[in-house]
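The values are calculated or read from the model by the stated rules, or taken from the named source; none is laboratory data. It should be emphasised that the depicted structure is a prediction, and the values quoted were computed from it without experimental measurement. Cβ coordinates were reconstructed from backbone atoms using ideal geometry, including for glycine residues, and neighbour counts include every protein chain displayed. Side chains are part of the model used for accessible areas, which takes the heavy atoms of the whole protein and leaves out ligands, DNA and RNA. Shrake-Rupley method; radii C 1.70, N 1.55, O 1.52, S 1.80 Å.
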Amino acid sequence: QVQLVESGGGLVQPGGSLTLSCTASGSITMWLYHMKWYRQAPGKAREWVATSTTYGTSNYVDFVKGRFTVSRDNGQKMVTLQMTNLKPEDTAVYFCNADRSGEPGYWGPGTQVTVSS
């Protein structure tokens, strides 16, 4: 059984930084999956934030470019999201997703990030 668990969320002031981690357990061959971060703010739909692809590239939604960095360690079955210059509008529950074509994929339960003074 595969599980993803996010950690590292919390309360941070505007302009601050946080690093989120997502650790996978179980029988997952991580290098076969695109590892993605999504977020969901209260009352809003879940939205894609960033992807660490199986090709070794990274993609970001426009509003986090230059502020967020996604990285992965396939051996440790971990993906991280470094977030800098955080803004109140970054407040959301952040979810980790393992995505592979033809499979339903896996989701973590999420970690809360609150940006507030």
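Below, the figures for the structure above:
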{"read-out": "Leading residue by the ranking (nearest to Trp107 (Cα to Cα)) among those in region 4-13 that are of a type outside the set (A, V, I, L, M, F, W, C) and open to solvent by 40 Å² or more (accessible area, probe 1.4 Å)", "value": "Ser7"}
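Yes/no per residue for (1) basic (Lys, Arg); (2) farther than 21 Å from Gln1 by Cα; (3) out of contact with any helix residue (DSSP H, G or I) (no Cβ under 8 Å at 6 or more places or on another chain):
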position: Gly26; (1), (2), (3): no, no, yes
position: Met35; (1), (2), (3): no, no, yes
position: Thr51; (1), (2), (3): no, yes, yes
position: Tyr60; (1), (2), (3): no, yes, yes
position: Phe68; (1), (2), (3): no, yes, yes
position: Asn74; (1), (2), (3): no, no, no
position: Glu103; (1), (2), (3): no, no, yes
